[in-house]
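Below: one structure, written as structure tokens.
The values are calculated or read from the model by the stated rules, or taken from the named source; none is laboratory data. Computed from a predicted structure; not experimentally measured. Glycine gets a Cβ as well: all are built from the backbone with ideal geometry, and neighbour counts include every protein chain shown. For the accessible areas, the whole protein counts, side chains as well, though only heavy atoms, and no ligand, DNA or RNA atoms are used. Shrake-Rupley method; radii C 1.70, N 1.55, O 1.52, S 1.80 Å.
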Protein chains: 2
Amino acid sequence: MNKPSIPKGTRDFSPAEMAKRNYIFNTIKDVYALYGYQQIETPSMETLQTLMGKYGEEGDKLLFKILNSGDFIGKLPSEEFVSDNVLKLAAKICEKGLRYDLTVPFARYVVMHRDELQMPFKRYQIQPVWRADRPQKGRYREFYQCDADVVGSDSLLNEVELIQIIDTVFTKFGINVQIKVNNRKILAGIAEYIGQPDKIVDITVAIDKLDKIGVYAVNAEMLANGISEEAVSKLQPILTMSGTNKEKLKTIAQTIATSEIGVKGVEETRFILEKVEAVGMQNELQLDLTLARGLNYYTGAIFEVKAKDVAIGSITGGGRYDNLTGIFGMPGLSGVGISFGADRIYDVLNTLDLYPQNATQATQVLFINFGEAEADFCLPIATKVRAAGISVELYPDSAKMKKQMAYANSKSIPFVVLVGENEINQGKVTLKNMITGDQQLVSAEELIAIVTPN
Amino acid sequence: MNKPSIPKGTRDFSPAEMAKRNYIFNTIKDVYALYGYQQIETPSMETLQTLMGKYGEEGDKLLFKILNSGDFIGKLPSEEFVSDNVLKLAAKICEKGLRYDLTVPFARYVVMHRDELQMPFKRYQIQPVWRADRPQKGRYREFYQCDADVVGSDSLLNEVELIQIIDTVFTKFGINVQIKVNNRKILAGIAEYIGQPDKIVDITVAIDKLDKIGVYAVNAEMLANGISEEAVSKLQPILTMSGTNKEKLKTIAQTIATSEIGVKGVEETRFILEKVEAVGMQNELQLDLTLARGLNYYTGAIFEVKAKDVAIGSITGGGRYDNLTGIFGMPGLSGVGISFGADRIYDVLNTLDLYPQNATQATQVLFINFGEAEADFCLPIATKVRAAGISVELYPDSAKMKKQMAYANSKSIPFVVLVGENEINQGKVTLKNMITGDQQLVSAEELIAIVTPN
């Protein structure tokens, strides 16, 4: 018999890992709810018709496809089964695939349920997605996304709110972050200003890498993509611009003053910065004119969050997009959303040791089992303590004391209860504090008072 | 463009449905945690090697298989692609499948992580499973299971604890249930007593249907399966036995007194019934000697739960099994577990209208947006109210009052805030109770005091 294994790029989550993950998801959920976002869930499987063509050619390849049940061959002639065009062939024997992100299923959801939805529709969704990427450190084939989006409202107050949500979440985590903001319309204005409006995609793709590869390589990439030397040269002061948000905004406003779309981007950004300043933030909000974000469906504000004390890349991102649902035949619906990177946040919290103790602690009291008579005495007491909302275990077997204490230690249980003849005669129990080693003889009610977490 | 759809047998969950589902899952989770069970998660995909052959021939067919990424044909000759043996062929182009239940992945988990686990290991797991069943009312191709199991302990206190968990969960839900208990060893004893020990599987499969098809059809099925008329006749008093748990246990103990395994089953059942009685229960525990449960891997106690006020079949089940991990080469590990049927519990709670109001209510206060100046005034107040833990929305657009009120109504928001020139001048807001219609002019602090849910 072969040793069991799990598919590469997937993970088991142990109780300790789950406790930490739940802490992350619950914190994010609570803040989303505080702002009136409501949870939805969509099926893990979508039709390939829904998924194909939405993530580019590479995305189509990275979709996990589900083989049709039963006779998946049917009338397909066996000559078709050659390696020439496996993607096309796959579509003939598979009609479903696993969700690749939460955005396309959300768009599909909005279109299918348009008649039930009250706009603006504020939803959040925390579910796994699957990608047949080559597994590597920190990249998995199954991972969770934590998205919030509001659709059906063009108001920039939504952007302000999402920035507040980001600020609140990371304040709760205790992670110091820098929230970067920019606007695709400003980038379009810049492309016009340097005389290359048609090269906006190449420009954004290049400057998106500024942090990683540096200004020299970014310039080289733009030149290689046919952007003129003059244009690249005109771009340099923008790439290296420093100063406060207000100073930068003033400079860029002057620079791209002749671009209609650029001016619009400046106005939007000014609105967002002013409102955010008015409500106050715990974390720093920085206008970064080189923030581009790769995804080309963004059309307005874009956000990105970096941890200040750990070098790990972006841990949250988002932006405004137009026409989310156009791909499904429902045009004109604008939206704005964010997505927290749970796996990276997990790593940051681990690195900085920021998990609160009660997030990872489970059982509060273990009743040691010395035999049937003692267990009989403990059973109703354990039940009473649980009724007070306290997590309690009675060790099921009258195993050796050493083994039972090892169990308590392995689960970091802070209190154990010891019951022998003496305790039974007095109708009380001996409560031992596992940290201090203190022992005291107490009633069930006293026990509850002592072990109740603050 | 085609209208988007979702794969048959799958579901979208709306905000209202999610709120109810979260209430169910959170209630179950909280009770599991109260008894020291810890959550784990396993990947949605398992290797087909892990899954195949674990659920019988029919199960192998109902597994959703995932097409290998990239060139899934490789060197497979095209002559192999015929409908003759699609299951064997599927295994050549697919090496992964979707989880079919939580038990096999749990067994695989225990074997893979045996060196990290402290026994007894008490875990719970709430995740979706997938089955390519023919979709029908109440049966889905993707649905959640909510399992708790303890492995590595033979103690019957685990059975007692699981019955307490069932009792606590349904008490919290407010669903009146009958918890039925029996023991596979008693069934084996009965099979010996009626002279057909080799027919135990046929007997249990038949009497498992007693509730559905009645005693006449059960008898007919047994006779058709080669069980003698004499044996069927000897079985009748057992099938129709009435009385209290104690009376039934006494009668069956006498009836199967010569069966070693039967006596063992009676002793186990007596222990469980006595301990459960000692701790006290809210719901009725009934010894049902005809309870068989289809799954043949159970070897000791078996449980089943029925709602008393809704006819919907079993809403929870479970039992003791030996050798969970033997299929993965790790023998000798016994366990006992239960599984709550979330979809059916959802239906019962709906039918009886038992959801608590706060389970389904989201936003507590909506700030009506009368324009930019008013929104500017509201923004920091909304932020302050959220800081007090209250869910607040500021309507993002200064839309018509009617539209904004319709939004509040559609989300069942109990309070709205109205701010005009008068309020701004006084530094206060008008708070309207949407249920009573009452309005009052209040400060931010007063607002918080009024809207805080009890």
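Quick look at the numbers
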quantity: Inter-label distance for B:A449 and B:S314, nm, one decimal - labels placed 7 Å from Cα along Cα-to-Cβ; calculated: 5.6
quantity: Computed Rg/Rh of the range B:365-451, alpha carbon atoms with Kirkwood Rh; calculated: 0.91
quantity: With Cα atoms, 0 to 90° folded angle of helix A:229-239 axis to chain A main axis; calculated: 40
quantity: Hydrodynamic radius (Kirkwood) for the range A:177-308, which is based on Cα pairs only, to one decimal in Å; calculated: 14.9
quantity: Surface/4 of the Cα convex hull for chain A, nm²; calculated: 30.9
quantity: Angle in degrees between helix B:372-387 and the longest Cα principal axis of chain B, rounded to the nearest 10; calculated: 40
quantity: Per-residue mean of C-beta atoms belonging to partner chains within 10 Å, peptide B:389-402; calculated: 4
quantity: Between helix A:184-193 and chain A: long-axis angle, C-alpha atoms, 0 to 90°, nearest 10; calculated: 30
quantity: Label point 7 Å beyond Cα along the C-beta direction, distances from A:Q136 to other copies (nm, shortest first); calculated: 5.0
quantity: Beta carbon of chain A nearest to the axis of the rotation taking A to B, residue and angstrom distance; calculated: A:F81, 2
quantity: Ascending list, in nanometres, of distances separating the A:K3 label from those of the other copies (7 Å, Cα toward Cβ); calculated: 5.3
quantity: Surface share of carbon and sulfur [accessible, 1.4 angstrom probe, percent] for the protein assembly as shown; calculated: 48
quantity: Gap separating the Cα centres of the range B:143-193 and the range A:1-73, nearest whole Å; calculated: 32
quantity: q = 0.06, 0.09 Å⁻¹: log10 I(q)/I(0) that the Debye formula gives for the protein assembly as shown, counting C-alpha atoms only; calculated: -0.50, -1.08
quantity: Alpha carbon centroid spacing (whole Å) that separates the range A:364-384 from the range B:251-321; calculated: 23
quantity: Copies compared at A:Q118 - label distances in nm, ascending, label defined 7 Å from Cα in the Cβ direction; calculated: 4.9
